[in-house]
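Colleague: Got a structure for you, questions after.
The values are calculated or read from the model by the stated rules, or taken from the named source; none is laboratory data. Not measured: the values here are computed from a predicted model. Methodologically, a virtual Cβ is constructed for each residue, glycine included, from the backbone with ideal geometry; neighbour enumeration extends over all protein chains shown. Quick note on the areas: whole protein, heavy atoms, side chains included, nothing else; ligands and nucleic acids left out. Shrake-Rupley method; radii C 1.70, N 1.55, O 1.52, S 1.80 Å.
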Amino acid sequence: MAEETDPARRDAALLIAVAGGDRDAFELLYRHYAPWLTVKLRYRCSDAALVDDVVQETFLSVWRTAGGFRPQEGADVSGWLWRICSRRLADAVRGNSARRRLTHLLLGLRGDDERRDSAEDEVLTGLAHGDLGTALEKLPPELRDVLTATVLDGLTTREASARLNIPEGTVKTRALRARRRLTEELA
């Protein structure tokens, strides 16, 4: 593969090569993004083993679905990877939370956790199992995606626009509509 000077084009070219089964391109992509994803996830989750598992699952998914990346639509590789990774983390936290609750019930250890969850772990668990989680599930996907990008992933309007491939004004409008719907649902 020819040396590309623009990082966005280089990364898009790597993903295209990965979609074609190029293991060397996959390794380059992994070496470049795995440390970044790991650091970013550790701000969200205190369980280092879970973070490592999520990063591995993310790259397994990338290997299988790299053909779904659309560079011609202005998609950003880092945003695409982060979206996969953050969703995997939310799924893993939901699964771990359910297992922990079952373990506590079976062992009679309710509330006697040896380790404390991070604040973000608790919020993600609440999102998955509380009234807010139910309200979020009722939102249309395009509104839920904007909230996920701007609130859960902490992206700016511009970054969310690039990730979701929609204009910045649309991000703002959908975020406003989503907040109104959530307020109505939770009232």
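Colleague: Cβ-Cβ distance below 7 Å, separation of 6 or more or different chains: which pairs start in the stretch 76-90 with a residue that is closer than 15 Å to Gly154 by Cα and among the charged types (D, E, K, R) and end on one that is modelled with pLDDT under 85 and crowded, with 22+ Cβ neighbours inside 10 Å?
Modeller: Taking only residues 6 or more apart or on different chains, the pairs are Arg83/Arg163.
Colleague: Let me ask something additional. If I ask for residues that are open to solvent by less than 60 Å² (accessible area, probe 1.4 Å) and either among the small types (Gly, Ala, Ser) or part of a helix (DSSP H, G or I) (or both), which ones from the stretch 145-162 would you list?
Modeller: Of everything in the stretch 145-162, those that are open to solvent by less than 60 Å² (accessible area, probe 1.4 Å) and either among the small types (Gly, Ala, Ser) or part of a helix (DSSP H, G or I) (or both) turn out to be Asp145, Val146, Leu147, Thr148, Ala149, Thr150, Leu152, Gly154, Thr157, Ala160, Ser161, Ala162.
Colleague: Applying the selection to the stretch 31-61, what residues are in a helix (DSSP H, G or I), of a type outside the set (Lys, Arg) and more than 13 Å from Ile84 (Cβ to Cβ)? Full working, then the answer.
Modeller: Taking the stretch 31-61 first, the residues in a helix (DSSP H, G or I) are 31-42, 48-61.
Narrowing further to those that are of a type outside the set (Lys, Arg): 32-39, 41, 48-61.
Once the filter is applied, which keeps residues that are in a helix (DSSP H, G or I), of a type outside the set (Lys, Arg) and more than 13 Å from Ile84 (Cβ to Cβ), the stretch 31-61 yields His32, Pro35, Trp36, Thr38, Val39, Ala48, Ala49, Leu50, Val51, Asp52, Asp53.
Residue-wise test of (1) in contact with a helix residue (DSSP H, G or I) (Cβ under 8 Å, 6 or more places away or on another chain); (2) open to solvent by less than 40 Å² (accessible area, probe 1.4 Å); (3) more than 20 Å from Asp145 (Cβ to Cβ); (4) modelled with pLDDT of 80 or more.
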{"residue": "Leu14", "(1), (2), (3), (4)": "yes, yes, yes, yes"}
{"residue": "Ala19", "(1), (2), (3), (4)": "yes, no, yes, yes"}
{"residue": "Arg23", "(1), (2), (3), (4)": "no, no, yes, yes"}
{"residue": "Leu28", "(1), (2), (3), (4)": "yes, no, yes, yes"}
{"residue": "Arg42", "(1), (2), (3), (4)": "yes, no, yes, yes"}
{"residue": "Thr58", "(1), (2), (3), (4)": "yes, yes, no, yes"}
{"residue": "Gly67", "(1), (2), (3), (4)": "yes, no, yes, no"}
{"residue": "Thr103", "(1), (2), (3), (4)": "no, no, yes, no"}
{"residue": "Gly111", "(1), (2), (3), (4)": "yes, no, yes, no"}
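Colleague: Follow-up question, since we're still on this one. Restricting to the stretch 69-101, what's the tally of residues that are among the acidic types (Asp, Glu) and modelled with pLDDT of 65 or more? Lay out the reasoning, then the answer.
Modeller: Restricting attention to the stretch 69-101, the residues satisfying the condition of being among the acidic types (Asp, Glu) are 73, 76, 91.
Next, from what is left, pick out any that are modelled with pLDDT of 65 or more: 76, 91.
Looking only at that region, the number is 2.
Colleague: Here's another thing I want to ask about it. Within the stretch 163-184, how many residues are open to solvent by 80 Å² or more (accessible area, probe 1.4 Å) and assigned to a helix (DSSP H, G or I)?
Modeller: Qualifying residue count, the stretch 163-184: 8.
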